[in-house]
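A quick write-up on the structure given underneath.
The values are calculated or read from the model by the stated rules, or taken from the named source; none is laboratory data. As the structure is a prediction and not an experimental result, all values here were calculated from the model. Counting neighbours? That spans all protein chains shown, and the Cβs are built from the backbone with ideal geometry, glycine included. Ligands, DNA and RNA are excluded from the accessible area calculation, which covers all protein heavy atoms including side chains. Shrake-Rupley method; radii C 1.70, N 1.55, O 1.52, S 1.80 Å.
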Amino acid sequence: MSHSRPLLALTAAAVVTVATLGTADLASGSPRTPAVTVQTAGAAAVPAAQAVPAEQLPTDAQLRTALLTAAELGPEFTEVPPSTGSSPSGGASPVSGCDALRALLARQGAEPAPQQSHQEVEFEGPGGSPMVTESLTVEDSAKLTGDFATVTEAFTNCQSLTFDDGAGTSVTFTATPITLGERRDAPAVRLDGILGGVQLNGYIGIERFGPTALSYGFFQRDSGSSQLASLYYRAAVAKAERTLGVPAGSETATTAAV
């Protein structure tokens, strides 16, 4: 059974604005065992770029190198253009049920400033399932700290979210705070919903590396397991940490020890 990509893309668009730190596009899918082992923290199979000096902000090229690739996820995954789905018309908020998230969605449409480095990537398995997305954005340190506090509060306090495509189709998700990676303080939330009798399960997580914010999304169908979501999130964090040379959770650009 399949569902319209526009609704799932709309869910992604709402999540993107919720995080306010980058792009996280979601789509349906079913879990599978990765054919390629994903390197996590402490592994060295993924080549790392030269560490970024403390006084130098990451460039677009460095951010791109720090993102996961389809080969690292497994041969069944392909990279697809981000944000290919439709978005609500008239600037209407597609989410209801949580005042904190609605406040964040009021910032919808804001793009990274021209001086900000930003890179994003989206992967999907056969038939668009499962979906894994990641973005890295350089942001003013004080603003990034404020964003993290706001998102953490929203992820902690929101109990349910309803996403509407503006054409009569909607899905309500229960929201549950979750730890996806090694750092318990890294904001993350699990979303569970039913659409047309089919189980939908998603995860959103964010992390920071000094002035750089990582936004991560995973969405699947017919499964409630968090195993793959956590596996790929840990891989994304570990690669960004190695490539950017900044420890996960750091509020400064101090180069990580090698």
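Taking R0 as 45 Å, what's the FRET efficiency between ASP140 and VAL198 from their Cβ-Cβ distance, rounded to 0.05?
Working from the Cβ atoms, E equals 0.65.
Using the per-residue mean of other Cβ atoms lying within 10 Å as a proxy for protection, in what order, highest first, do the peptides 194-206, 228-240 fall?
228-240, 194-206
Taking a point 7 angstrom from the Cα of THR156 along the C-beta vector, which residues in region 172-215 have backbone N less than 13 Å away?
177-178, 185-188
Could you work out what % of the accessible surface of region 122-258 is carbon and sulfur, using a 1.4 angstrom probe and leaving DNA, RNA and ligands out of the count?
49 percent
So how exposed is SER117, as accessible area in Å² (1.4 Å probe, rounded to 10)?
Here the residue's solvent-accessible area equals roughly 20 Å².
Which part of region 194-214 falls in the paramagnetic zone of ALA149, meaning amide N under 17 Å from the point 7 Å along Cα-to-beta-carbon?
208
Cβ neighbours within 10 Å, averaged per peptide: list 138-144, 209-215 in order, most packed at the top.
209-215, 138-144
Give me the accessible area per residue for region 194-249, probe 1.4 Å, as a whole number in Å².
I get 22 Å² per residue for region 194-249.
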